[in-house]
1. Would you confirm, using the coordinates I've provided, whether residue 781 is in contact (Cβ under 8 Å) with a residue 40 or more places away in the chain, more than 26 Å from residue 628 (Cα to Cα) and more than 30 Å from the chain's Cα centre (by Cα)?
2. I'm trying to understand the selection: among the residues of the stretch 564-578, which are in a helix (DSSP H, G or I), in contact with a Ser or Thr (Cβ under 8 Å, 6 or more places away or on another chain) and of a type outside the set (S, T, N, Q)?
3. Looking at (1) more than 33 Å from the chain's Cα centre (by Cα); (2) within 23 Å of residue 1102 (Cα to Cα), can you tell me which one residue 451 breaks?
4. May I ask you to say which residue of 643, 675 is in contact with a Leu (Cβ under 7 Å, 6 or more places away or on another chain) and surrounded by 19 or more Cβ atoms within 10 Å (Cβ to Cβ)?
5. Working only within the stretch 397-426, note down all residues that are closer than 28 Å to residue 320 by Cβ and β-branched (Val, Ile, Thr).
6. Return the residues of the stretch 998-1028 that are in contact (Cβ under 8 Å) with a residue 24 or more places away in the chain, hydrophobic (A, V, I, L, M, F, W, C), farther than 28 Å from residue 1123 by Cβ and part of a helix (DSSP H, G or I); say none if nothing qualifies.
7. Show the residue pairs meeting these rules: Cβ distance below 6 Å; 6+ apart or different chains; first residue within the stretch 1153-1179 and more than 30 Å from residue 415 (Cα to Cα) and modelled with pLDDT of 80 or more; second residue crowded, with 23+ Cβ neighbours inside 10 Å and of a type in the set (Lys, Arg).
8. Just the residues that are among the hydroxyl-bearing types (Ser, Thr, Tyr) and open to solvent by less than 10 Å² (accessible area, probe 1.4 Å), please, taken from the stretch 1432-1470.
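The values are calculated or read from the model by the stated rules, or taken from the named source; none is laboratory data. All of these numbers come straight from a predicted model, not from anything done at the bench. Neighbour counts are summed over all protein chains in view; Cβ atoms, including those assigned to glycine, are modelled from backbone coordinates with ideal geometry. For accessibility, only protein heavy atoms count, side chains too; no ligands or nucleic acids. Shrake-Rupley method; radii C 1.70, N 1.55, O 1.52, S 1.80 Å.
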Amino acid sequence: MVNFCASPLLDQQLLFNNSWPQFTDCFQNTVLVYLPCGWLWITSPVYLYYLKVKAEGSPGPLTLLNLTKTFLSLILCVLAIVDVIGEAHDKSQGKPAPPSVFLAGALKAATFALATILIQLERWKGFITSGVLWMFWFLLVIVGVVPFYSLIALRNYEDEFFSFVIFFLYYAVLLAEFVLHCFADLPSKKHYKDVAKKPCPETSASFLSRITYWWLNSMIIKGYRKGLDEKSLWDLHPRDKSEKVVPEFLNNWDKAFKKSKLCNKKKGVCVSFRNKTMEDGQESEKEKVTFLDIKDDNAGKKAPSLFKVLAKTYWLDMVYSWLCKLVYDISQFGSPMILSFLIAYVQKKNSPEGGEPEWKGYVFAILLLVLALVQSVFSHQNFHIAMTCGMRLKSALIAAIYRKALSMNYEAKKASTVGEIINLISVDCERIQMICGFLWMLWSAPLQIIIATILLWSVLGPSVLAGIGILLLLLPVNAVISLKQRKLQVQQMKHKDARIKLINEILNGIKVLKLYAWEPSFIEKVKAIRKKELKMLQKGAYLSIVSSFIWTTAPYMVTLATYATYVFTSESHFLDAQKAFVSLSLFNILRFPISLLPQIVSYVIQANVSIVRIGKFLGSDDLDPENVAHTKDTGIAIGIENGTFTWDSESEPVLKNISLEIPKGKLIAVVGLVGSGKSSLIAAVLGEMDKVTGKVTREGSSAYVPQQAWMQNATLRDNILFGKTFEEHKYRQVIDACALRTDLEILPGGDQTEIGEKGINLSGGQKQRVSLARAVFNNAEIYLLDDPLSAVDSHVGKHIFDKVIGHKGLLRNKTRVLVTHGVQWLPMVDEIIVLSNGQVCERGTFEELLNHNGACTQFIRSHYTEQSKKKEEDIDPEVQQIRNRVFKSMVSVLSESGISMEDDVPSSLPSKKQLAGRPKLMRTISCIEEHPGGDELDLGEVKQVTEVTDPTGEKLIEAEKMEQGGVKMAVYLKYFKAIGGISTIFIFLFFILYNAANVGSSVWLSAWTDDKYLKENTDIANTSEYQARNNMYLGVYAAFGLTQAIVILIYAVLFAVCVIKASIILHEGLLTNIFRAPMTFFDTTPLGRIVNRFSKDIETVDNNLPQTLRMWMNTFFTSLSTLIVISYSTPIFLAVIVPLGILYYLIQRFYIPTSRQLKRIESTTRSPVYTHFGEILVGTSTVRAYGLTDRFITEAKEKVDHNQVFYFAGIASNRWLGLRLEFIGNLIVFAAAIFAVVSSSSTGGMVGLSISYALQVTGALNFMVRMSSDLESNIVSVERVKEYMEIATEADWVVENHRPIQGWPEKGRVQFDDYSCRYREGLDLVLKGITVDIEGGQMVGIVGRTGAGKSSLTVALFRLIESAGGSITIDGQKISEIGLHDLRSRLTILPQEPVLFSGSLKMNLDPFDQYSDDLIWKALEQAHLKKFVSDLPDGLQYDCGEGGQNLSVGQRQLVCLARTLLHKTSILVLDEATAAVDMETDDLIQKTIRTEFRGCTILTIAHRLNTIMDYDKIMVLDKGLIKEFDVPGNLLKNPDSIFFSMARDANLI
């Protein structure tokens, strides 16, 4: 080395025992050159590969900044060459220069040349900043400090002026180059595709800006000054967008999924079917088609591992994050070592001998600051990389769940309800995302424990084994607790799924619950599930108590055991300050992983449960793409050959032996009784059913109109266009053909009116026509129409058939399959398919089927015999006469309303000018059953719009309320009140006592180590007096530990019990208030928004908020304790606390408005994700039928990305604040060290106490900021729950002082006395001073034109809307004086839409268990369901499925009829309840109602006038007023009456 350098590498005398630290020339020419240059040369190959792989595409512009960087780099290269030439010249002049000088110069010149190339290469590849080059220039600047002060101190300018000038010129250029590299170049113009959106500022930030989060300054400032809203932020970082993230994950998942399926096939794990043989097209007489040999799905079946797929996809991101954490972990152990040197320095400095150079103390202080800064930078980079990785992971999982939800088969769908799937997104994805930010703890904690143990051994020797032994004993306890926690998590999530599923169903059927007064029953059902969920939560809390107690006391127990062992076993028997506080610092480092590890294990367990749940869902079966084969040029649009179909492997086949061919361009009608398999046939053609045998082919694109129309929460136009491009002429044609023109004129925003969730502001008829218009506009080749005409009046149905479906309609050249209950359409179709018990029993033309006199003829005969009996007494029963009557009826339908098939419908849409001139409607009439001649005729339901906006785009769903400013103290008080006021005080009191004991133990340790008697008398260590003094210190130290243990145990028990109590109170308050909310609340609030409260917000209240509150208390009191201890040990530190405290407060106050608002916006933008998902799940069949799966997945991804913008901004702003506050913490460490150096009265114990606590403050402040932010973020969930706990409620369910008498109403007399009502305050009256007296036992038909107020009359009777004037009296009792449940439970209604809930058939009929099974069977018999239910395997306990999905729509309506018969009262309200059943069943229902409710008061809202012609009275409403009220005969005698014109239009007279 001497030959190479001409001097030694290090001279310890010059370096350590000098007035200034002098490094040798050899060290300066080798280490200080090789370190930065070696960094660039070693990292260059990797960096070049990175530039190649991650190239942005187009080169960046050649800017002044880039040119200056390049120029200065070349200047440095030249200066390095000049320096080498100068040295060579000096050598030629006789001044020897060692080889190390020339090598250093050459290396620097080559490295600067490489840096120049990299600068231009980066620009060419589209990179705007470089971490590699920034670090290179930074290292050069740092190592340049040594020659800088050395040249000045040694006065080199006197002897070597040229070299002196060259160096300082070099260093000035170097500083300029470093400063320039702190700024980023301009990005390429093609860097951002969407110029309309502001690019994420991180993409244009420099490396220094990225590691200091300087790029967030503009957002933080804006948030502080003006506040933030959804438009304030930028676009999502391209790295995090779903379009990049999702394909990477799905590609890996699909590979794993295919691999597992292939593996299962090889193992023979598959479903096998036996006994499928058919004889002559019929089933075997011995056995029907059954599934006898279905192997257990889980028996030997290998499922794809979601964890492995996630690891494969995101391992590189996690490695980057973990490398940062590794640097942090290693660097944090440098601080205790420097503390050891600092204590030794102070002890020597203040000793009588003295002799330590003063600069050493300052260097130690500076080293502490530098190490702390390094830890801060790498710690925050670890979190930032990991949490953004978690964000991408969440986006990918949500997209995968969306995709699976749109592709899974019926069996999988039955196993995973809407509520459960939403839970996967709202809870499970969130948990997996969160764990990404802490997953490093699984390897970092053991690493820290190992390193700390090794260093402790070096300080205390074998004594450390005592402490480690305690740790090892506690690990099995932790393992047992973890296993139990995992089991509890699985069970808790099952109960949570069940609760969300039930709440989702309840919200979907809330109107029915209110009409039947069933709220208490369903509240109890939710509470029962919640009770099970809370039981798991309580068990988990008890385990957490044990875990918290063990791991909170463990570090102290370890310290105590180690110190005691050392004192008793060491030769000196004295614990000096250096050993005590260095080991204490190491134990403090050890405390973090030990105390956090159980919590992280708990998080990992939760995340593992979530991964398993999501993996199970993603691994569920999809619809088999081979269910339907797509053909070309065969001429057969739909073909089924010997097809047998089932909904799932556990059920009997629904369709058997189906063979049919439907040629292109034909109109085919499918008829049959309720439950015969009509809708299933459509599903089979769409590929929605599992194909057991046979073959299905389809040629061409398809459009589908389901039996229950599916609406999106979008404008009416968007619902019709369904993603297609708007074509005005075609659009007008479709609108007119589907009889929607008059609807557009009445709707306040025309076709820009927003359709509420599930079409709440449209009637069934309107929804069906919009659904049909969507199909027609789609211009498909095959149209599958599942009974679209049942929800409209006959004359509107004729118009639609004429203009759309029939042979002269818009679809005349298309293939149409029409499921219908309307026999009047049968003569006008090309062929009729008759289904019975899942089989085609007949097919042919209308003529052929009538001549055949089979099932179809019997069906038609029974219907028309009943119809004609109402008109004529003498009927010839022969088939020919029936045929003639049918044809006569068909002609009647065609001439109905005076319209011929050739009539033109005006094809003009209302202009924006016309819409603007129209008054702003305060409500929207839903059902506009159009009279194409111009007059609109509505016999349908009236519903409401509740918000007034611009008439060119009526807004129904109100934007979600978002609080502004700080979280109000009332929210905190609400939570603490739920915990309990006294309990809250004691929780804080016990935690303060715990921290006081902790501080006391440290102060006592300082006194122990500074005890002069012990320190100066180690030679008499074996004497009893010396040992007694040691034992006294040790005993008090142990007493402090015991106090901590007792106090923390009491605190943990009290805290766990009280937070669960708070969860119970908040959930029950939310649940009760939601059930008591008026219907207007549900009409204007998306269900996803409400479900979000019950899922994500309650999850936060249950789990996240208690943990965050506990950790916030821990970090807050730790920080406070630190400041108290430092101030006690170094009083001069108080001078620094005040300015640092003010700076801390200002930074936090500057940041909080931004953080808080980001969290709120993130919460409100999360709801649309759930709402959209819930909406799509209901319409999956429609989406698949139109082939729009990809489009809806893209929409979902856009909503997720929009939400992630605010989440990303939130986590980045946490890093912004954390880094700045940690810098303040680092200054505290630096100040404590400096004061320790300059203070002459410092002792080793005091310095150790002060610095060891100061070292904790950085992490504590950082964690406290995070916990303060998280606490405020999580308390927002309480704020959101509180908001819904305080919404206006309905009147009392029961008014104790005004309860009706037993048996009320007895007669059923209903009197309206000058009654008026409106839907909300400030809206127009919908009923205006109605006065009418309906006698008990009368049958009254209620009819009227659009907006007449028919439905308003019925909902007023049930008090779904309250009186604005006047009163309603039933049997002498004013309904406004009694409770809602006393009223609603004494009335009966059969609603238009059949709503069932998941659960048994019996529960759906009798949720309160009021009736015996005999009465239930009697009601089923009267509802014509007894045979069907008797044939079910479980009878009354048959599971109806979510929303009654296991029953057909017609069967659901019959169940509702049975419910009505069971709950028979003196007053019955019918709201066109037979639209979804066939004519024969309709007649049976009408008979049943007339028979069973004889003597009752019946109020019927009529769509079909023929059903009310024999009623006692007809009430004609118009514009909220009763225009006519008389017997039908009298009204028909008056040609000027409104009812007469209606009857004439319906061809009844």
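1. No; evaluated as a whole, the condition is false for this residue.
2. Let us first name the residues in the stretch 564-578 that are in a helix (DSSP H, G or I), namely 564-569, 577-578.
With the extra rule that they be in contact with a Ser or Thr (Cβ under 8 Å, 6 or more places away or on another chain), the set shrinks to 565-566, 569, 577-578.
Of everything in the stretch 564-578, those that are in a helix (DSSP H, G or I), in contact with a Ser or Thr (Cβ under 8 Å, 6 or more places away or on another chain) and of a type outside the set (S, T, N, Q) turn out to be 566, 577.
3. Residue 451 satisfies all of (1) more than 33 Å from the chain's Cα centre (by Cα); (2) within 23 Å of residue 1102 (Cα to Cα) except (2).
4. The unique qualifying residue is 643.
5. 398, 401, 425 - these are the residues of the stretch 397-426 that are closer than 28 Å to residue 320 by Cβ and β-branched (Val, Ile, Thr).
6. Listed by number, the list holds a single entry, 1014.
7. Within 6 Å, no pair qualifies.
8. 1460
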